[in-house]
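The values are calculated or read from the model by the stated rules, or taken from the named source; none is laboratory data. These figures come from a predicted structure and were not determined experimentally. Here the Cβ positions follow ideal geometry from the backbone for every residue, glycine too, while neighbour counts run over all protein chains shown. Surface accessibility is based on the protein's heavy atoms, side chains included, excluding ligands, DNA and RNA. Shrake-Rupley method; radii C 1.70, N 1.55, O 1.52, S 1.80 Å.
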Amino acid sequence: MGNALTQKILITLGFLFAYRVLAYIPIPGVDLEVIKHFFDQNANNALGLANMFSGNAIRRMSIISLGIMPYITAAIVMELLAATFPALGQMKKERDGMQKYMQIIRYGTIFITVIQAIGVSLGLQAMKGAGGQSAVMIDPTQFVILAVFSMMTGTMLLMWFGEQITQKGVGNGISLIIFAGIVSGIPAAISNTIAAVNSGTMNFLVVLAILVIMVATILIIIYVELGERRIPISYSRKTIMQNQHKRVMNYIPVRVNLSGVIPPIFASAVLMFPLTLLQASTNKWVTAVADILHPGGLVYNALMFVLVIFFAFFYASIAFNAKDIADNLKRQGGFIPGVRPGEQTAAFLNDVASKLTVWGSLYLAVISTLPFILINTMGASFYFGGTAVLIVVQVALDTMRKIEAQRTMAQYETLGNVGL
């Protein structure tokens, strides 16, 4: 089993390495110097945010410039539809139905990728360098076709990478791809900050203040993510006698943040989809709307705050099924002291989960917006937001838990084989 865990870790690292290689393969027909000049001027707006999530793939105008966000956007739409239409929700619960459900998400991903790719390719044609040269070096129609097929191929590969990591590797593949993209930008951010301090454009005390905010954000995230409400459980005497040689958990752990890293990722995807299209336009009214919605602005952060809270409640209602927990508890002969088994137990668990989600959603919303607002006012030369730190810390903690679970399983299997 130890070898199996090592193999899973190597598979995960292999796919993440392939993802980083794809980030260096540019779309045919683009002038990378013009792109670089343009992104140097837009490090702290919507493009900086999108570039961070793509692991600097947009700055290099890679075939994976759109990243995994089209897939996440399609998944959001399907989750909302499944919650609205009972037939679609039932499809998701069945084994054969789940395959059809995932297939619809894949088709939705292709549709969203094509729309975004057309918008990006048209936007690139309007982009000019410092000397007035165009970012596109070939025929415009030919470029649009090449760009759409290149970006669609890149996004499909990332989607497949994520599924393979989830099935054969360690952790959630989609989350790990986003994690790798964000982490890959850390060395460049550190280098840029050191250069800014050396050149005198950034004060050392400002850098120190940014570090304090980052460390405080990380500590708060770790503290809350490890926090949980433990609801005590009692078992009937008969159940205890039947399970005297087994470990029976005597509490139900309910996490403060039931929805995990999903709300900020979903909220970012929802906001970045229209921003990508708006940034591609040269119309002055559309450009004005894009400027209002840029990540450093009040409107963007207000929308981010509201969307994170909405998705926190929405996803928590899906992830935490109080009725199933109550039914399983009743079948096992367990009960919560002072609460009748069945419907009352489900109602009690729902009440606890709802109260925790109120605080959990507020925590997610504040972490997703406040650090960026603070750091943006200090004139940081790179995009940094609580969403990025939240994703990195949560994915790291989740992956560590899964690796630890695999190690524990290996120890139990080893003991079982020795007993035999």
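Please list, ordered by residue number, the helices (runs of 4 or more DSSP H) wholly in segment 68-139 having 3 or more residues that are surrounded by 14 or more Cβ atoms within 10 Å (Cβ to Cβ) and under 20 Å from the mean Cα position of the chain (by Cα). Can you show your working first?
On the way: elements: 69-84, 86-93, 95-126.
Filter on segment 68-139 gives 69-84, 95-126.
Examine segment 187-210 for a residue that is out of contact with any helix residue (DSSP H, G or I) (no Cβ under 8 Å at 6 or more places or on another chain), under 30 Å from SER259 (Cβ atoms) and free of Cβ contacts under 8 Å to residues at least 24 places away in the same chain, and state whether such a residue exists. No, there is no match, as no residue in segment 187-210 is out of contact with any helix residue (DSSP H, G or I) (no Cβ under 8 Å at 6 or more places or on another chain), under 30 Å from SER259 (Cβ atoms) and free of Cβ contacts under 8 Å to residues at least 24 places away in the same chain. Among the residues of segment 150-193, those that are among the hydroxyl-bearing types (Ser, Thr, Tyr) and open to solvent by 50 Å² or more (accessible area, probe 1.4 Å) comprise THR153, THR166, SER191. Filtered by the rule that a residue be of a type in the set (Gly, Ala, Ser) and modelled with pLDDT under 85, segment 296-321 gives GLY296, GLY297, SER317, ALA319.
Pairs meeting the criteria (first residue in segment 16-36 and in a helix (DSSP H, G or I), second residue surrounded by fewer than 17 Cβ atoms within 10 Å (Cβ to Cβ) and modelled with pLDDT of 90 or more, beta carbons under 8 Å, at least 6 apart or on different chains) are LEU22/LEU157.
Scanning segment 336-358 for residues that are surrounded by fewer than 22 Cβ atoms within 10 Å (Cβ to Cβ) and either under 17 Å from LEU208 (Cα atoms) or at pLDDT below 80 (or both) turns up nothing.
For segment 192-205, does any single residue satisfy the condition of being at positive phi, outside any helix (DSSP H, G or I) and either at pLDDT below 80 or not basic (Lys, Arg) (or both)? Yes, some residue in segment 192-205 is at positive phi, outside any helix (DSSP H, G or I) and either at pLDDT below 80 or not basic (Lys, Arg) (or both).
Which ones in segment 296-327 are over 23 Å from ALA83 (Cα atoms) and surrounded by fewer than 14 Cβ atoms within 10 Å (Cβ to Cβ)? Selection gives LEU298, VAL299, ALA302.
Yes or no, residue by residue, for (1) of a type in the set (Gly, Ala, Ser); (2) free of Cβ contacts under 8 Å to residues at least 40 places away in the same chain:
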| position | (1), (2) |
| --- | --- |
| ARG60 | no, yes |
| ILE68 | no, no |
| TYR71 | no, no |
| ALA82 | yes, yes |
| ARG95 | no, yes |
| ARG106 | no, no |
| GLN116 | no, no |
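No other residue among VAL366, VAL392 is in a helix (DSSP H, G or I), open to solvent by 10 Å² or more (accessible area, probe 1.4 Å), at pLDDT 80 or above and closer than 30 Å to ALA195 by Cα apart from VAL392. Any residue that is open to solvent by less than 70 Å² (accessible area, probe 1.4 Å), touching a Phe, Trp or Tyr at 6+ places or on another chain (Cβ under 7 Å), within 24 Å of LEU370 (Cα to Cα) and modelled with pLDDT of 80 or more - is there at least one of those in segment 212-226? So far as segment 212-226 goes, yes, one or more of its residues are open to solvent by less than 70 Å² (accessible area, probe 1.4 Å), touching a Phe, Trp or Tyr at 6+ places or on another chain (Cβ under 7 Å), within 24 Å of LEU370 (Cα to Cα) and modelled with pLDDT of 80 or more.
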